[in-house]
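Q: Dropping a structure here in structure tokens format, bear with me for questions.
The values are calculated or read from the model by the stated rules, or taken from the named source; none is laboratory data. For clarity, every value in this text was computed on a predicted model and none was experimentally measured. Positions of Cβ are generated from backbone atoms using ideal geometry, with glycine treated the same way; all protein chains shown enter the neighbour counts. Accessible surface areas use protein heavy atoms only, side chains included; no ligands, DNA or RNA. Shrake-Rupley method; radii C 1.70, N 1.55, O 1.52, S 1.80 Å.
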Amino acid sequence: MRTFGHTNFATESSGRKSVRLANQGQYVEFTSANEANSIVVRNSIPDAPGGGGQDATLSLYVNGTFTQKLTLSSKHSWLYGSTDDPEGLTNTPQADARRLFDESHALLSRSYPPGTKFKLQRDSGDNAAFYIVDLIDLEQVAPASEKPANCTSITEYGAVPNDGNDDSAAIQRAVTDDQNGVIACVWIPAGQWRQEKKILTDDPNVPNGGGQYNQVGISNVTIRGAGMWHSQLYSLIEPQNAGGINHPHEGNFGFDIDKNTQISDIAIFGSGRIRGGDGGAEGGVGLNGRFGTGTKITNVWIEHANVGAWVGRDYSNVPALWGPGDGLEFSGMRIRNTYADGINFTNGTRNSKVFNSSFRTTGDDSLAVWANQYVKDPSQDIAHDNVFANNTIQLPWRANGIAVYGGYGNKIENNIVHDTMNYPGIMLATDHDPLPFSGETLIANNALYRCGGVFWGEQQEFGAITFFAQGKDIPGVVLRDTEIHDSTYDGVQFKTGGGVVTAALTNVKIDKSNNGAGILAMSGARGSATLTNVSISNSANGDVVREPGSQFVINGAPVPAVVSSGRRGTR
């Protein structure tokens, strides 16, 4: 049985398998399916003995010929502790560890055709005690884009690429000029640009008279880069050590956005190493703020942040600036190796969308709508009509692939979710004290592989798709045209809670629920589900199961619902 949080490499590997290179001369080889001039290696090497991580090389061969040494690092992996408290882990080494993998990337010297063999091998000088290789990405990266005629380069404000010096002041001056109408567009050329201060709007009331931290983002700004592989911002100072006027929780890298901002074709590589709680350590946020109207984020790569993008601010921060995300679009995002969420739509976000994007190894929900109560008008500012579509989600190391907490009209469509480690691939829930669900919530045309898991002291088992009406009801669930394969526990799970779930399942295929049922209603689940053209096969504990005492009603089951003995996780 898989376990979580006990230095379990298989649990944290794609397909539950990876390769260990323990001795010199050992290798793993991949054959490319497409043209490629770049490589990303998802890997794990040991932490430094006292924590803090270390670097090590690994040798890359192409078609049997040595090409280059790749540099791998454990500086952003290895969190320790047996607690499931999200801020209870530590960077100090101890027996139980999780978040074992990180990624390294490199542009290659040339393009290679499909059918090329890429080999990663331990050679002389590759001195880590072990190397675990999970997967590689091979991508054909376009050449760096040229500066658009209407844009002004940050180099004109004093930024210098690849010199290791902080370019934050130059970037901030360029953004401020754009915001004030002095220039039309900010251009970030190809290069490595160090950023140790969040880009925001100067607030004359901070720090004197307005609180300790600046809560004002940028507005009416366009920021463009030469491509996410080419124009890369990076931070080296961990957020809690950076100082400045932005809150350490939000970090010293990336952008604080209030409204009408377009950012495209850049990377933001943060300095975070933990979610928080370890002596005041913080992870930072790549993109945060109110986001408002008119904002569009395209082709942005974010790593090593607490959260990739946190959409929303509490109304109480600066009430005069209240403006929830409305009509916001994220596309072509690449969010990897975070300590909490990938993208979270909160504080009344509505009519907004994340599509055609990739998420891997997030430390909380990869995608979430959280209809929280910290809004101007809780009766009106309820998260609604948001869409998560055409995304690929892999290996969230804590929490869900996709989650919706409250609201109405939200849609989860055409996504693939692989290999959750402890939680569902998709979950609708009313924990986190959200505003109510109402109307319809659509889950359609998704595929889930190896989802679900065990959490909360390994006492609660979660299904690949889980409905958890902890307190408030979850009405209007439409789950259709969905495939669920190789689930760790149940395929679809109605979890014990105080609220009522009302769901319609149509054209759903559930195959191989390894340690659970195809569909399970727990003993304390309440509500009903109507099944139409639901196919269930290879379930360890029965196809449709109602635990003893369950009041949950299942209509149209492909086989008569059966009653099983109680199981863990009903509380």
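Q: Using protein chains only and a probe of 1.4 angstrom, how many square angstrom of residue 230 are accessible, to the nearest 10?
A: About 40 Å², ignoring ligands and nucleic acids.
Q: Quick check on the range 53-152: what does the Kirkwood estimate of hydrodynamic radius come out to from the alpha carbon pairs, in Å?
A: Values: mean 1/r = 0.0597 Å⁻¹.
Computed over the range 53-152, the radius equals 16.7 Å.
Q: Now, a different point. Need one number: nm distance between label points at residue 392 and residue 314, each 7 Å from Cα along Cα→Cβ, rounded to one decimal.
A: A separation of 3.9 nm, rounded to one decimal place.
Q: Kindly report, to the nearest 10 Å², the accessible surface of residue 417 as traced by a 1.4 Å probe over protein heavy atoms only.
A: Here the residue's solvent-accessible area equals roughly 0 Å².
Q: Calculate the dipole size of the range 388-547 relative to its Cα centre from +1 charges on Lys and Arg beta carbons and -1 charges on Asp and Glu beta carbons; express the result in debye to the nearest 20. Let's see the in-between values first.
A: Details: 10 positive and 15 negative charges, 27 e Å.
With Lys and Arg at +1 and Asp and Glu at -1, about 140 debye.
Q: If I model a spin label as a point 7 Å beyond the Cα along the Cα-Cβ vector, how far apart are those points for residue 29 and residue 107 in nm?
A: 2.9 nm
Q: Could you pull out every residue, at least 5 positions away or on a different chain, whose amide H is within less than 5 Å of the one on residue 553? Hs are placed 1.01 Å off N in the peptide plane, and Pro or chain starts have none.
A: Counting only residues 5 or more places away or on other chains, the set is 527, 528, 529.
Q: Determine the share of the range 132-184's accessible area contributed by carbon and sulfur atoms, expressed in whole percent, with a 1.4 angstrom probe. Please report the intermediate quantities before stating the final value.
A: Working: 1280 of 2610 Å².
So the carbon and sulfur contribution to the accessible surface is 49 percent.
Q: Where in the range 438-546 are there GluC sites (Glu not before Pro) that are in a DSSP coil and have at most 15 other Cβ atoms within 10 angstrom of their Cβ? Let's see the in-between values first.
A: Values: sites: 440, 458, 461, 483; in loops: 440, 458.
Answer in residue order: 440.
Q: Based solely on its DSSP helices, what 222 nm [θ] is calculated for the chain when runs of n ≥ 4 H residues each add -39,500 (n - 2.57) and the sum is averaged over all residues, nearest 500 deg cm²/dmol? Each step should come with its number before you reach the end.
A: Details: 1 runs with 12 residues, N = 571.
Using -39500 (n - 2.57) per qualifying helix, the result is -500 deg cm²/dmol.
Q: What does the charge dipole of the chain about its Cα centre add up to, to the nearest 20 debye, if the Cβ of each Lys and Arg holds +1 and the Cβ of each Asp and Glu holds -1? Present the calculation step by step, with values, prior to reporting the outcome.
A: Numbers: 44 positive and 58 negative charges, 215 e Å.
Charge dipole of the chain: 1040 debye, to the nearest 20.
Q: Note down the relative contact order for the chain as a percent, whole number, built from C-alpha pairs under 8 angstrom at least six residues apart.
A: Details: 1883 pairs, mean separation 43.6, N = 571.
So the answer I get is 8 percent.
Q: What distance in nm separates the two pseudo spin-label positions at residue 165 and residue 433, each 7 Å out from Cα along the beta-carbon direction?
A: It is 4.9 nm.
Q: Give me the extension gain from residue 149 to residue 7: residue separation times 0.36 nm, minus the current Cα-Cα distance, reported in nm with one decimal.
A: Numbers: separation 142, 0.36 × 142 = 51.12 nm, distance 5.18 nm.
Result for the pair: 45.9 nm of gain on full extension.
Q: Test of understanding: what is the full-extension gain from residue 540 to residue 481, defined as 0.36 nm times their sequence separation minus their Cα-Cα distance?
A: Numbers: separation 59, 0.36 × 59 = 21.24 nm, distance 2.30 nm.
Contour length minus the Cα-Cα distance gives 18.9 nm.
Q: Counting only protein heavy atoms and a 1.4 Å probe, tell me what percentage of the range 1-40's accessible area is made up of carbon and sulfur.
A: Values: 970 of 2030 Å².
Accessible surface attributable to carbon and sulfur in the range 1-40 totals 48 percent.
Q: Find out how many positive minus negative residues lie around residue 250, taking Lys and Arg as positive, Asp and Glu as negative, among other residues whose Cβ is under 9 Å from that of residue 250. Walk me through the numbers on the way to the answer.
A: Details: positive: 198; negative: 256, 282.
So the surrounding residues net to -1.
Q: Take the Cβ-Cβ distance between residue 506 and residue 124 as r, set R0 to 45 Å, and report the resulting FRET efficiency rounded to the nearest 0.05.
A: On the way: r = 59 Å, r/R0 = 1.32.
That pair, residue 506 with residue 124, gives E of 0.15.
Q: Are there cysteines in the chain with no second cysteine's Cβ under 4.7 Å away, and if so, which?
A: Lacking a cysteine Cβ partner under 4.7 Å: 451.
Q: If you don't mind, another one. Given the Cα-Cα distance of residue 413 and residue 202 and 0.36 nm per residue of separation, how much length would full extension add, in nm?
A: Values: separation 211, 0.36 × 211 = 75.96 nm, distance 3.93 nm.
Gain on stretching residue 413 to residue 202: 72.0 nm.
Q: Across the range 318-331, in residue order, what do the Karplus-derived ³J(HN,Hα) couplings come to in whole Hz, using 6.51 cos²θ - 1.76 cosθ + 1.60 with θ = phi - 60° and x for Gly and Pro?
A: Each residue of the range 318-331 in turn: 9, x, 5, 9, 3, x, x, x, 9, x, 5, 10, 10, 9 Hz.
Q: On to the next question. State the percentage of accessible surface on the range 379-436 attributable to carbon and sulfur atoms; use a 1.4 Å probe and exclude ligands, DNA and RNA. Mind showing how you got there, number by number?
A: Working: 620 of 1350 Å².
Solvent-exposed carbon and sulfur of the range 379-436 make up 46 percent of the total.
Q: Please go through the residue pairs 259/353; 296/411; 75/353 and name each one whose alpha carbons sit more than 23 Å apart in this structure.
A: On the way: 259/353 16 Å; 296/411 19 Å; 75/353 33 Å.
From the list (259/353; 296/411; 75/353), the Cα-Cα distance tops 23 Å for 75/353.
Q: Sticking with this structure for a sec: Using per-residue counts of other Cβ atoms within 10 Å, averaged over each peptide, order 404-412, 141-149 from highest down.
A: Put in order of decreasing packing, that is 404-412, 141-149.
Q: Shape of the range 389-476 from its Cα gyration tensor (a ≥ b ≥ c, root eigenvalues): rounded if a/c is under 1.5, otherwise prolate when a/b > b/c, or oblate?
A: On the way: a/c = 2.33, a/b = 1.16, b/c = 2.01.
Since a/c reaches 1.5 but b/c is at least a/b, the shape of the range 389-476 is classed as oblate.
Q: Follow-up. Output the antiparallel fraction of DSSP beta bridges having both residues in the chain, as a percent to the nearest 5.
A: Details: 41 of 170 bridges.
Roughly 25 percent of the DSSP beta bridges within the chain come out antiparallel.
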